[in-house]
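Novice: My structure is below; once you've seen it, I'll send some questions.
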Amino acid sequence: MGRAILSLLGQRLVQAGLVAWVVGSLTYLLTRALPGDMSFRIAAGRYGYEQVNAEAAAAVQQELGLDQSPLAAYLQWLMDLASFDLGRSLVSGETVVQELSHQLGHSLSLALTAVVMALVLGLPLGLASGLRPGRWLDRVSLALALGLRSLPPFVVGIALVVLFSLTLHWLPAAGHGSLSHLWLPSLALGLGLAAVSSRVARNAMADVAGSDYYAFSRLKGLTGWQTLRRHGLRNLSVPVVAFLGVQLVYLIEGVVVIESLFAWPGIGHALVHAVVARDVPMIQGTALVLGLGFVLLNTLVDIATLLLDPRRRLA
Amino acid sequence: MSTMMTVKELCVTTAGDAPEVLLEPISFALKAGEPLTLIGQTGSGKSLLAQALMGNLPGSLEVSGEVWVDQQDVLSLPLSERRRWWGRRLAMLPQEPWSALDPIMAIGEQIGEGHRLVGGLTTVEAEQATRRDLAHLGLEDSYARLPMQMSGGMAQRAAFAAARTGNAPIVIADEPTKGLDRGRRDEVVALLREALGSHGALLTITHDFEVARQLGGKVMILRKGRCLEQGDADSVLSQPTSGYGRELMEAQPERWPEATAAPTDPQRKQAAIERSAPTLSCTPPPGAVLSASALGKSRGGRVLFKDLNLAFRRGDIVGVSGPSGSGKSSLGDVLLGLVAPDEGELWRDPSVQPSRFLKLYQDPPAAFAPYWTMGTLIDDVCRLHRLDSARIAPMLERLGLAPALLDRRPGEMSGGELQRFSILRALLLDPVFLFADEPTSRLDPVTQRETVALLVELAKERDCALLLVSHDEALVTKSCDRIVSL
Amino acid sequence: MKTLTRQGPMTPLLALRRRLPASRMLGLCLLVGLMLFGWGVPLLGGADPYAQDLMHTLEAPGALHPLGTDHLGRSLLARTAEAVRLSLGLAFLSVASAVTIGLVLGVAAGWRRGWGDRLLGALADCVLALPGLLLVLMLAAIAPGSFWTLYLGISLVLWVEVFRLVRSVTQGLMASPQVQASRLLGFGRVYLFRRHLWPALRPQVMTLAAFGAATAILAVSSLGFVSIGLRPPTAELGLMMTELFPYYQEAPWALAQPVLALFLMVLGFILLAGEEPK
């Protein structure tokens, strides 16, 4: 058990390193791709167009390392990253770490609510469909899931805004601060997740219920409920949790888009803003946090599968 | 002897407007202390019978007739009522223990839950009872093991304990020895006999004559859902009256005639057994096409074979036998150059094309690309080696294969037909050495006998050396001139 | 099967109909319909998707503009067709590149293990370390508004999945008795690929390709929606939604068009893909 966890943590640590390297390298390329007058534009963005002068532009140039040789600048860039020096936002002038610490909480609350909604909506529906595959509930939930999967989260978000804010006036369309603001964005994100997880749970339930060991448990004399509890739920939780890992991609990608749609002040929103404003340090910081969050969540999923599935601990 | 179960005109058909009869009406009585064994080939409706008796046939099938237990007709009871009998009055042993056991639950737990939830013991008592069961079965160390950590024989014994926690007096065992080698099979049969005791009833369904013989009691022979004959095990098994019963009996390797060229005198045969013959010189013996000297191979730290000297001349029929995991298949793969030996030397007649050293596989469907018709695959071989395709027709006839089979894909024919096509495909290339790796272990006994006989005959006819590997010692003893035991 | 072949040669469509189950056929029909729409509308000689007419903004569908006009008075028929063409074109292009590269490298890596296999595996891990959209987004940030950056980013994300699938299937098959038997019989690489590998890979790769196309379309529209992808005045579905969303109250049918087009496209590919990818 201990060895399995250690090797898993090792692998994920390597992945975290890769994330940092890929994000660092891409943002470095970004600094080099900035057009010549970029430092002026960034300086203008920071200090206002009246105050901009050669001095301010030079300061920006230095901050981005635009005056060094490409290789030296690249190494410097990665060294800063390795020592957790993410620099300052070119737009607000605050340190990137400070900005991120404000945004992270918002993103987490959105993502967590979405996941809880997905599980609450998706799992029971999936299990009920999987116990009676081919019946009407299964068919209806399949059609729903297919429809929801064909819509990106932002379209679901638009539909929710149109319905609940613009038509029914029940919930605010955008903004943050109160619980009522959290409903629509997390639902927009959660519905798509629920669609996928209901099908995963459905397939897992159907597989388990059709397995030889499930039938054998009944033949041993256990009741239907005892069999479901002792052999059904345990076995189906293994693929369901493993698939959570795959859904994390959807979650992270969804956070970026949904936060932008609802002006939710999280990491994803900040990333999009930073890209539009060419705020390179912020792009690096936000992408890094999203990437590392992805790795961290994957690690948690891995550990959960390891705990659920004793076969993994042997391998 | 009291009657535990009476079956009258039990019949299984498909549901729907045009029902197809899968199991023809069958009647028998199961008595306390006297085992009843049903023998028949795969697809003869045997497994449907077990499910029909338990009352867990799939909904797409319909069952009629009567099954009386304790003055009640099981079939007339609603499903929920029948389920309450499971484990308590009727126990069923699974066919495939590995898949019948929960893959992620410890063995002890799986037996203990039955003691607790079905047998009504407390948690502590249940654990004690489980440990007693395991100790009795020689599985003391297996309490915390997962099914994947056990061998087939161990898993079958554990599943046996799990099925019997409710102390059901009537036990139905459906192919309980499937896939087990001889030693493990005998252990399971002993367990079945013990479970029967003097008050229980036992119905065993098998294709293995030897299982029926060891169990004793009564025997019924089934074919295509019909009962051909029944009676005492001793008389039916030694002198079956139905043609099919005789065929089945004759298909037991023990009863095969000796290979014609083999030394008939048992002592001479013994002398022909090679274990570690005196070291051969490095030069191959005259007339050999393949020879090996001081061959050795280990796997997972275990020595499979060592200092093995072998030479094959054309027309040699050499058998290899030994329990599973003893390295029989590895020996063949090493000789064919598919696996590198750890030590020793291998020599092949350099004047013979490499494609004339060939192999037949254990699982016939796995040896063909499944997407193409047999005709296409055979044509491919002819085209590659520029062979005359007119040779195919007479070979089909010789192997008893209908030409229409050429239009089918490998998945669309029986294992016996496929294995004969593997033989045909190999013979097209005029092989000088053929390694047959358990070529008949997935075939039923009658087909097995035909296939092995044909293979040996053809190898001699075409002057090809044959290395026949089987876990069944009787099979290789009867068919081969020389034997290597590992 | 037999009876039909005897009735003479089947038309290709009929042959396809026999191979694909109804839902996949429906997906195929949806996609063919969308392709006809995307490439057919300009052939019929409609309006220029970029021609503004500020006198006729947000007009309801009518004789002159069959699908109405947007907030700048541009023909929505022309713009939606252009956007569908763009999404499908980009999807086809990136999927074709990803499948070709993934297939070639996957077979090469799975055929024979070694340093090449390990190197490619490490490269795949690098790409998979980040969620795909994040990678495409960062590439899009380097060269904003470029079609070719999007193409590159999406292909980069998609080839990895094909590569990993093909590698594992190839590895399994190369160790299987069927391939061993063919090798003993003297068959070479081309034969092994044609008779053993490709038939096993084809259905799985096709499923993956269809899902990949859906992923590509979703990625492009997502980036367009957050104004990081293609730039105005390009007609792109996500971008059109951003532009038309403020006018939802006045012209709901205008917003509905890119939404419906996107939905049908993705649904078509998901249906065509058939079962879930493993």
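Novice: Does the range C:235-278 hold any residues that are open to solvent by 40 Å² or more (accessible area, probe 1.4 Å), over 22 Å from A:PHE164 (Cα atoms) and at pLDDT below 85, and which are they?
Specialist: Across the range C:235-278, the qualifying residues are C:GLU275, C:GLU276, C:PRO277, C:LYS278.
Novice: Another question, if that's okay. Determine whether B:SER99 is at the interface with another protein chain (Cβ under 8 Å from one of its Cβ atoms), open to solvent by 20 Å² or more (accessible area, probe 1.4 Å), among the small types (Gly, Ala, Ser) and over 26 Å from B:THR3 (Cβ atoms).
Specialist: Yes: the conditions hold for B:SER99.
Novice: Is there a residue in the range B:335-347 that is touching a residue at least 60 places away in the same chain (Cβ under 8 Å), buried (at least 21 other Cβ atoms within 10 Å of the Cβ) and either in contact with a Lys or Arg (Cβ under 9 Å, 6 or more places away or on another chain) or under 22 Å from B:CYS464 (Cβ atoms) (or both)?
Specialist: yes
Novice: Please state which of the following conditions B:PHE28 fails to meet, knowing it meets all the rest: (1) under 31 Å from the mean Cα position of the chain (by Cα); (2) open to solvent by 40 Å² or more (accessible area, probe 1.4 Å); (3) not polar (S, T, N, Q).
Specialist: Result: B:PHE28 passes all but (2).
Novice: Counting only residues that are within 14 Å of chain C (Cβ to nearest Cβ) and over 28 Å from the mean Cα position of the chain (by Cα), give me the strands (runs of 3 or more DSSP E) lying completely in the range B:313-365 with at least 1 of them.
Specialist: The strands (runs of 3 or more DSSP E) meeting that bar are B:343-348.
Novice: Restricting attention to the range C:235-257, report how many residues are more than 9 Å from chain A (Cβ to nearest Cβ) and under 17 Å from the mean Cα position of the chain (by Cα).
Specialist: Within the range C:235-257, residues that are more than 9 Å from chain A (Cβ to nearest Cβ) and under 17 Å from the mean Cα position of the chain (by Cα) number 2.
Novice: When the residues of the range C:129-155 are filtered to those that are open to solvent by 40 Å² or more (accessible area, probe 1.4 Å) and at pLDDT 85 or above, which remaining residue is nearest to the other protein chains (Cβ to nearest Cβ)?
Specialist: C:LEU152
Novice: Still on this structure: Evaluate the following for B:GLY59: is it in the same structural domain as B:SER27 (by TED's automatic domain parsing) and open to solvent by 60 Å² or more (accessible area, probe 1.4 Å)?
Specialist: Criteria met by B:GLY59.
Novice: Has the range B:306-320 got any residue that is of a type in the set (D, E, K, R), buried (at least 21 other Cβ atoms within 10 Å of the Cβ) and out of contact with any helix residue (DSSP H, G or I) (no Cβ under 6 Å at 6 or more places or on another chain)?
Specialist: Within the range B:306-320, one or more residues are of a type in the set (D, E, K, R), buried (at least 21 other Cβ atoms within 10 Å of the Cβ) and out of contact with any helix residue (DSSP H, G or I) (no Cβ under 6 Å at 6 or more places or on another chain).
Novice: Suppose we keep only residues that are hydrophobic (A, V, I, L, M, F, W, C) and more than 23 Å from B:GLN448 (Cα to Cα) within the range B:348-368. Which one would you say is least open to solvent (accessible area, probe 1.4 Å)?
Specialist: B:PHE357
Novice: Let me ask you something else. Taking helices (runs of 4 or more DSSP H) that fall entirely within the range A:147-261, which contain at least 1 residues that are more than 14 Å from chain B (Cβ to nearest Cβ), at negative phi and within 20 Å of the chain's Cα centre (by Cα)?
Specialist: Ranges flagged: A:153-160, A:179-209, A:233-261.
Novice: Quick one: B:ASP141 ticks every box in (1) surrounded by 17 or more Cβ atoms within 10 Å (Cβ to Cβ); (2) more than 9 Å from every other protein chain (Cβ to nearest Cβ); (3) more than 20 Å from B:ALA190 (Cα to Cα) bar one, so which box is it?
Specialist: Tallying (1) surrounded by 17 or more Cβ atoms within 10 Å (Cβ to Cβ); (2) more than 9 Å from every other protein chain (Cβ to nearest Cβ); (3) more than 20 Å from B:ALA190 (Cα to Cα), B:ASP141 fails exactly one: (1).
Novice: If A:VAL155 meets every condition in (1) loosely packed, with under 13 Cβ neighbours inside 10 Å; (2) touching a Leu at 6+ places or on another chain (Cβ under 7 Å) apart from one, which number is that one?
Specialist: Here A:VAL155 meets the rest and fails (1).
Novice: So, one more: Checking A:LEU90 against (1) away from chain C (no Cβ under 13 Å); (2) modelled with pLDDT under 85; (3) open to solvent by 50 Å² or more (accessible area, probe 1.4 Å), which test does it fail?
Specialist: Condition (3) is where A:LEU90 drops out.
Novice: Another question about this same structure. For B:GLU113, all conditions in the list (1) more than 8 Å from every other protein chain (Cβ to nearest Cβ); (2) in a helix (DSSP H, G or I) hold save one; what is the number of the exception?
Specialist: Among (1) more than 8 Å from every other protein chain (Cβ to nearest Cβ); (2) in a helix (DSSP H, G or I), the lone unmet condition for B:GLU113 is (1).
Novice: I need the full set of residues from the range A:102-128 which are open to solvent by 70 Å² or more (accessible area, probe 1.4 Å) and either of a type in the set (Asp, Glu) or within 20 Å of A:SER260 (Cβ to Cβ) (or both), in order please.
Specialist: Listed by number, the residues that qualify are A:HIS102, A:LEU104, A:LEU108, A:LEU112.
Novice: Among the residues of the range A:287-315, which ones are among the charged types (D, E, K, R) and either within 14 Å of chain C (Cβ to nearest Cβ) or in a helix (DSSP H, G or I) (or both)?
Specialist: Hits for the range A:287-315 are A:ASP302, A:ARG311, A:ARG312, A:ARG313.
Novice: Something else now. State the number of residues belonging to the range B:144-193 that are within 14 Å of another protein chain (Cβ to nearest Cβ) and of a type in the set (A, V, I, L, M).
Specialist: Counting residues in the range B:144-193 that are within 14 Å of another protein chain (Cβ to nearest Cβ) and of a type in the set (A, V, I, L, M) gives 15.
Novice: Among B:SER470, B:SER389, which is the only one that is open to solvent by 10 Å² or more (accessible area, probe 1.4 Å) and either among the polar types (S, T, N, Q) or out of contact with any helix residue (DSSP H, G or I) (no Cβ under 6 Å at 6 or more places or on another chain) (or both)?
Specialist: Answer to the selection: B:SER389.
Novice: Within the range B:430-443, identify whether any single residue is surrounded by 20 or more Cβ atoms within 10 Å (Cβ to Cβ), in the same structural domain as B:GLY322 (by TED's automatic domain parsing), touching a strand residue (DSSP E or B) at 6+ places or on another chain (Cβ under 6 Å) and polar (S, T, N, Q), and answer yes or no.
Specialist: no
Novice: Among (1) surrounded by 17 or more Cβ atoms within 10 Å (Cβ to Cβ); (2) under 30 Å from A:ALA274 (Cβ atoms); (3) among the aliphatic types (A, V, I, L, M), there is one condition A:LEU131 misses while meeting the rest; what is its number?
Specialist: It fails just one condition, (2).
Novice: Does B:PRO169 satisfy being within 30 Å of A:ASP309 (Cα to Cα) and either within 16 Å of the chain's Cα centre (by Cα) or outside the structural domain of B:GLY322 (by TED's automatic domain parsing) (or both)?
Specialist: Considered against the rule, which asks whether it is within 30 Å of A:ASP309 (Cα to Cα) and either within 16 Å of the chain's Cα centre (by Cα) or outside the structural domain of B:GLY322 (by TED's automatic domain parsing) (or both), B:PRO169 comes out as no.
Novice: Considering only the range B:380-486, give the strands (runs of 3 or more DSSP E) lying wholly within it that have at least 3 residues that are farther than 24 Å from C:GLY186 by Cα.
Specialist: The strands (runs of 3 or more DSSP E) meeting that bar are B:482-485.
Novice: Continuing with this model, one more query. Restricting attention to the range B:69-82, does a residue exist that is open to solvent by 70 Å² or more (accessible area, probe 1.4 Å), part of a helix (DSSP H, G or I) and away from every other protein chain (no Cβ under 12 Å)?
Specialist: Looking through the range B:69-82, at least one residue is open to solvent by 70 Å² or more (accessible area, probe 1.4 Å), part of a helix (DSSP H, G or I) and away from every other protein chain (no Cβ under 12 Å).
Novice: Okay, next question. Condition check: under 21 Å from C:GLY268 (Cα atoms), more than 14 Å from chain B (Cβ to nearest Cβ) and either among the acidic types (Asp, Glu) or crowded, with 17+ Cβ neighbours inside 10 Å (or both). Does A:ARG139 satisfy that?
Specialist: So A:ARG139 fails the test.
Novice: Tally up the residues in the range A:273-286 that are surrounded by fewer than 24 Cβ atoms within 10 Å (Cβ to Cβ), at the interface with chain C (Cβ under 9 Å from one of its Cβ atoms) and in a helix (DSSP H, G or I), please.
Specialist: Residues in the range A:273-286 being surrounded by fewer than 24 Cβ atoms within 10 Å (Cβ to Cβ), at the interface with chain C (Cβ under 9 Å from one of its Cβ atoms) and in a helix (DSSP H, G or I): 1 in total.
Novice: In the range C:169-205, which residue that is open to solvent by 50 Å² or more (accessible area, probe 1.4 Å), under 20 Å from B:ARG409 (Cβ atoms) and of a type outside the set (Phe, Trp, Tyr) is farthest from the other protein chains (Cβ to nearest Cβ)?
Specialist: C:GLN204
The values are calculated or read from the model by the stated rules, or taken from the named source; none is laboratory data. Treat the numbers as computed from the prediction; the structure is a model and nothing was measured. Every residue, glycine among them, receives a Cβ derived from its backbone with ideal geometry; neighbour counts consider all protein chains shown. Surface areas here come from the heavy atoms of the whole protein model, side chains and all, with no ligands, DNA or RNA. Shrake-Rupley method; radii C 1.70, N 1.55, O 1.52, S 1.80 Å.
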